[in-house]
Amino acid sequence: MAEPKNRNIIIVYNNLVFIEGLKLLLATNTHYRVIEECENGTEIVVSEKLKMVNLIFIYIEIQETNRIEATRKICNRFQKRPLIAMSMLYKDRYKFCCV
């Protein structure tokens, strides 16, 4: 039986506690590997590691709209790339689809 492949992950968030907590959770499975941490949407859009990533966790803060725009750009550029966009805000006007 073939060994499962490693899953490369990028985390986009500007809160060190959140990043470290998510990395700790992901470390419980040896097949998940965080290959980059970005603080904002600008960093993720220009990242060379986007080509190697299997999953992106991005926290959307409405105050920093470039994360929303970055999420749209990534979804358009890498249409089959799984991306989890997270937010603590619940308002219909902040929802959008990345399918």
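For region 47-68, give me the residue count where each residue is modelled with pLDDT under 70 and not in a loop (DSSP other than H, G, I, E, B). Selection size over region 47-68: 1.
Out of all the residues in region 31-44, is one or more polar (S, T, N, Q), assigned to a strand (DSSP E or B), touching a Lys or Arg at 6+ places or on another chain (Cβ under 9 Å) and at pLDDT 75 or above? Can you show your working first?
Looking only at region 31-44, we keep the residues that are polar (S, T, N, Q), and these are 40, 42.
Filter once more, so that each one left must be assigned to a strand (DSSP E or B): none.
There is no residue in region 31-44 that is polar (S, T, N, Q), assigned to a strand (DSSP E or B), touching a Lys or Arg at 6+ places or on another chain (Cβ under 9 Å) and at pLDDT 75 or above.
Screening residue 90 with (1) under 25 Å from residue 32 (Cα atoms); (2) modelled with pLDDT under 75 gives one miss only, at (1). The C-beta contact set for region 8-24 (first residue surrounded by fewer than 15 Cβ atoms within 10 Å (Cβ to Cβ), second residue acidic (Asp, Glu), distance under 6 angstrom, 6+ apart or interchain) comprises 14/39.
Residue 81 - would you say it is of a type in the set (Lys, Arg), assigned to a helix (DSSP H, G or I) and modelled with pLDDT under 85? Here the answer is no, as residue 81 does not meet what is asked. So for region 27-38 (the condition being in contact with a Ser or Thr (Cβ under 8 Å, 6 or more places away or on another chain) and hydrophobic (A, V, I, L, M, F, W, C)), does at least one residue qualify? Yes, some residue in region 27-38 is in contact with a Ser or Thr (Cβ under 8 Å, 6 or more places away or on another chain) and hydrophobic (A, V, I, L, M, F, W, C).
The values are calculated or read from the model by the stated rules, or taken from the named source; none is laboratory data. Since this is a predicted model, take the numbers as computed values, not measurements. Please note: Cβ atoms are built from the backbone with ideal geometry, for glycine as well, and neighbour counts cover all protein chains shown.
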